[in-house]
Structures are given as structure tokens and as C-alpha cells.
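The values are calculated or read from the model by the stated rules, or taken from the named source; none is laboratory data. None of these values were measured; they are calculated from a predicted model. Neighbour counts run over all protein chains shown; Cβ positions are idealised from the backbone, glycine included.
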Ligand code: NAD
């Protein structure tokens, strides 16, 4: 059996804890590798390597640090297909979608190439008599990222791109379900010229996450995953004096107004609901048609098109989505489907029991569609994270606006309409962090930033963009005075002011 090692001090290091996790190929359902699960001593070894490396890295001028990022971006392009195939083989998403996962991370690396500009501080000449004030952004030291299974390339790069470009050393704890791509990314960073020890990968589960949160030399922790864990990571990290940002789960709504281009909306909803088997925090698992006529027409168009969706192995170029990540996750999704039936929703299309010929042990699930879901149902209130679309009918714009606003999650939302006034009003009023207007998956581009509201995000800074740079740096402000000589100023016992 292949072993997946840690990556410490610039090289692969076999695990010594005696614990490992199974890594499946979701297409075949077979265990394909064992990933080492680190203990506290292994984490500490990585942190000590990072502490030493960071001192030198922070002194490298920003333009040279940017050059490592430029070269890393080039290597990502060279290795794109190899990385995508590796990603698909552990995650199950189709090849084109894996390329998208890598490309979205690459775009954050492109943004991080601008780090000399991004780190520039502010300067005020003559803030007082002979007084100038300037500020600078300095790295924090050693920082860490804990990432989920569903974007094993993009989310690590959201974090380590800005963090390393800004002069920090980074400990990455990727998901133990698909750990190979994060490991390859670290190797490519070294190949791009990053000094050994600046980026370390430590695999593991809850144990090593707790060790990261308690480690006295780790200054900040960025987390992305499910909300209950995000909240507990936020609390434990803060208790240990760290800067913490934690992105959580989601239940994104697509509002369809009566004037929407319905054919376009249906095409967009199908892709956003079922793409990546629904395992995206920006998926669109809830659709809210406004008015009876819109609901009826939308339902008919969805029902007509769902049977044509192609579920297949991740290497099938015709497949629109592949298997889910593990058998346990498939069982959980199936439980939610049954719960929906028991709660009284109408199961219009049932994806349970789908088996792909020749891949009977793979973790496949067909697309499911529910109608007449209500906001009282547990299956509406909770995140399912699978290929399940729920129609929640609304009578009015106000009701459609209230649904995502009152939901516990507030990651993304989309409105389909031709009415600019309604779209503008919706974007302004809705209590959700990322809004799409006729855009089904409104993941912001790399030079804006990504973050949800309510139980989708704990902490106050978003991922990537300027917020990413702010999260991984701290401001130092210098007030300087160079007296011209002459009379000595009187001593003063009151707070200096600018009168
Ligand atoms: P998860 O919460 O199970 O795991 C996330 C990370 O936490 C992993 O590295 C895992 O090893 C670690 N972990 C697992 N159990 C832990 C515990 N008890 N204590 C401490 N750490 C623990 O999430 P997942 O299943 O890998 O990913 C899917 C979830 O992530 C979904 O809820 C999805 O919505 C969310 N997500 C959110 C965003 C976002 O930006 N808001 C992006 C992607 C995914």
C-alpha cells in the first residue's frame, strides 16, 4: 500500500505516530493509500523548521519573494493535468472540475505575485512639527492553515499564497481524505525556489488540529470546513491567543423571479446544484421560484433535463459529475434524502440506488430533486453537501428575500431576474456574504475576497484579496521626529495632541 508522508524541512518525512488514515479512490471504492496522521511531536518538528526558515524568508525582499510565486504559477501550469488527475483520483470530481480547482488557486498565486505593492504602507509627512508618520505591514511569523476535502488545491493556495508572499512560514494541515495534491503543491513551491522549511505539510485529524491551536509558536490559524468544527476551532484558537479566521458550511439559495430567463436559469441551476456532486460550499442546493407559475415552469424544465445528466468516473470527459468522496458521506446524503421524504417534502427525482455499470463499488449517487420543501424542515435548515436540489416555493419577493436572510448559513446567494431594481434591492438587503446576480456560483475573483456571514464565517477577515494580506500581516506604525535643534521643548505630562 502506498504511504502518503508529511513534508517537513523541504522533504517527505514518513509518519512516526503509528496512526494512519485510509485514502480511497471514490471511483472504485477501494483504499488506494495510507496517509500518516501526525502527533504533537511531529507537528513540533515542522514548527521548529518553520521558525528557523521564517527568519531568513522575512528578510528576503518582497520582489524576490514574488519571483518565487511567479515561478510556482508557471509550474502549476506545466503540471496542471498531472495535478488534476491526482486530485480527481482522491476526491472524485471530474477532470475539468479538478483543473478549475487548481486554476482558482493559481489565480490567488497571481494576486500574491503583487506582494511588493500589497505590502506598501502609508506615509504622512508633517503630521506635526517636524513629525512624520509611516506604517508598514510585517509578517506574523509561523502561521497555519487547516483545509477541507472539497477543494484540496484551491483552498490551501488561498491561504499559503498570501501568507508566504508576505514573509510568513506556513504549516498546512490538509484534509486527510485527499492529501496528495497539497503535498505536491509543497514540492512545487520548493522547486520554484522557496527555501526549505517555509512551507511544511503535516497530515492528520482532530488530534493535530488541536495541537496546532495550542502550539505557542503558531501565531495565526486559517480554517475552512464545516460550521460546528469551524466554531470550535475559532474558540480554541482564540483561547490560545491566536488570530483566527474560520469559514464554515453553507446552504446557498437561488431566487428565480417571474421575469427571469428561465432556460438560462435552469442551465445555471443544474450546473451549480449538481456540479462536483454538490460538494461545494458555493453550490446551489436550494432554488426559490417566486409565484406559482414560475414554480411550475421551473419544475417542469428541471424534471425534463435531470435524466440527461451524466454521472461517471472522474476521468470520463463526458461526465458532468463523479462520485462523492467516501461511502460514509454517501450514506449521510442518503439519510438526508430519506429524512426529506419523512418530513413531507415531495421527492420528484430519487438519486439513491444509482450504480455505474462496471463501477459498482464506487461512491456514486444520482441527482435528486425535492419540491415543496419548507423552511421548517431539518433537511432545509442543514447542509446536505451532495447532489440534492430542493425547491422551496415563495409567494413574493419579500418572502424570497427572507429565506436566505433568516437561514443559519450566509455564504452565497443568487438572484435570477431581468429587473435591475429588484436585483439591486436584493443585493443590498440580503443577509449573505456573497451575492450573484444571474451568476450561479458567485465566488469572487482573486483580487476581491471570499467570506460568508452568520454560521458560514467566524472571525472578521475574508480569505484572499486584500483581506488575506491583512490577515497574515500586522501593522506597525512609526511616529518620528527629527528636531532641527535650537531650544529644548518643555517637558509635557499630558497626552500629545495635534492642536
Ligand atoms: P470538515 O469540517 O470535516 O474538515 C475540515 C478540516 O477539519 C479537515 O482538515 C479535518 O481534518 C479537520 N477536522 C475534522 N474533524 C475535526 C475535529 N473534530 N476537530 C478539529 N478539526 C477537525 O469539513 P470537510 O468535510 O472536509 O469539508 C466540507 C465542509 O467544508 C462543508 O461544510 C463545506 O461547506 C465547508 N466548506 C466551506 C468553505 C467556505 O469557504 N465557507 C469552503 C469549502 C468547504
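Residue 408 meets all of the listed conditions (1) over 30 Å from residue 136 (Cβ atoms); (2) in contact with a helix residue (DSSP H, G or I) (Cβ under 9 Å, 6 or more places away or on another chain); (3) away from the ligand (no atom under 16 Å from the Cβ) but one, namely (3).
Among the residues of region 110-145, those that are more than 20 Å from residue 466 (Cα to Cα) and assigned to a strand (DSSP E or B) comprise 124, 125, 126, 127, 128, 131, 132, 133. Quick check on my filter: what residues within region 217-236 are near the ligand (Cβ under 7 Å from one of its atoms) and either assigned to a loop (DSSP other than H, G, I, E, B) or not assigned by TED's automatic domain parsing to the domain that holds residue 462 (or both)? Once the filter is applied, which keeps residues that are near the ligand (Cβ under 7 Å from one of its atoms) and either assigned to a loop (DSSP other than H, G, I, E, B) or not assigned by TED's automatic domain parsing to the domain that holds residue 462 (or both), region 217-236 yields 225, 226.
This table checks each residue for (1) in contact with a helix residue (DSSP H, G or I) (Cβ under 6 Å, 6 or more places away or on another chain); (2) surrounded by fewer than 17 Cβ atoms within 10 Å (Cβ to Cβ).
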position: 1; (1), (2): no, yes
position: 20; (1), (2): no, no
position: 51; (1), (2): no, yes
position: 54; (1), (2): no, no
position: 57; (1), (2): no, no
position: 63; (1), (2): yes, yes
position: 70; (1), (2): no, yes
position: 76; (1), (2): yes, no
position: 94; (1), (2): no, no
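Could you list, in sequence order, all residues of region 164-179 that are within 15 Å of the ligand (Cβ to nearest atom) and part of a loop (DSSP other than H, G, I, E, B)? Listed by number, the residues that qualify are 174, 175, 176, 177, 178, 179.
So for region 117-135 (the condition being assigned by TED's automatic domain parsing to the domain that holds residue 50, in contact with a strand residue (DSSP E or B) (Cβ under 9 Å, 6 or more places away or on another chain) and within 16 Å of the ligand (Cβ to nearest atom)), does at least one residue qualify? No, there is no match, as no residue in region 117-135 is assigned by TED's automatic domain parsing to the domain that holds residue 50, in contact with a strand residue (DSSP E or B) (Cβ under 9 Å, 6 or more places away or on another chain) and within 16 Å of the ligand (Cβ to nearest atom). Summed over region 279-306, the residues that are free of Cβ contacts under 8 Å to residues at least 40 places away in the same chain and under 32 Å from the mean Cα position of the chain (by Cα) give a count of 2. Taking region 445-493 as the range and being in contact with a strand residue (DSSP E or B) (Cβ under 7 Å, 6 or more places away or on another chain), assigned to a loop (DSSP other than H, G, I, E, B) and away from the ligand (no atom under 16 Å from the Cβ) as the test, only 472 passes. Listed by first and then second residue, the pairs with beta-carbon distance under 9 Å, at least 6 apart or on different chains, first residue in region 144-157 and without any contact (Cβ under 8 Å) to a residue 24 or more places away in the chain, second in a loop (DSSP other than H, G, I, E, B) and more than 6 Å from the ligand (Cβ to nearest atom), form an empty list. Among (1) more than 16 Å from the ligand (Cβ to nearest atom); (2) closer than 24 Å to residue 231 by Cα; (3) surrounded by fewer than 16 Cβ atoms within 10 Å (Cβ to Cβ), which single condition is residue 399 missing? For residue 399, the failing item is (2). For region 187-216, the set of residues classified as more than 16 Å from the ligand (Cβ to nearest atom) and farther than 16 Å from residue 47 by Cα consists of 187, 188, 189, 190, 191, 192, 193, 194, listed by residue number. Listed residues 483, 444, 440; which is farther than 30 Å from residue 167 by Cβ and at pLDDT 95 or above? The unique qualifying residue is 440. Evaluate the following for residue 184: is it within 20 Å of the chain's Cα centre (by Cα), away from the ligand (no atom under 15 Å from the Cβ) and either in a helix (DSSP H, G or I) or surrounded by fewer than 24 Cβ atoms within 10 Å (Cβ to Cβ) (or both)? In short, yes. Those strands (runs of 3 or more DSSP E) of region 237-350 in which 3 or more residues are more than 16 Å from the ligand (Cβ to nearest atom) occupy 253-256, 286-289, 346-349.
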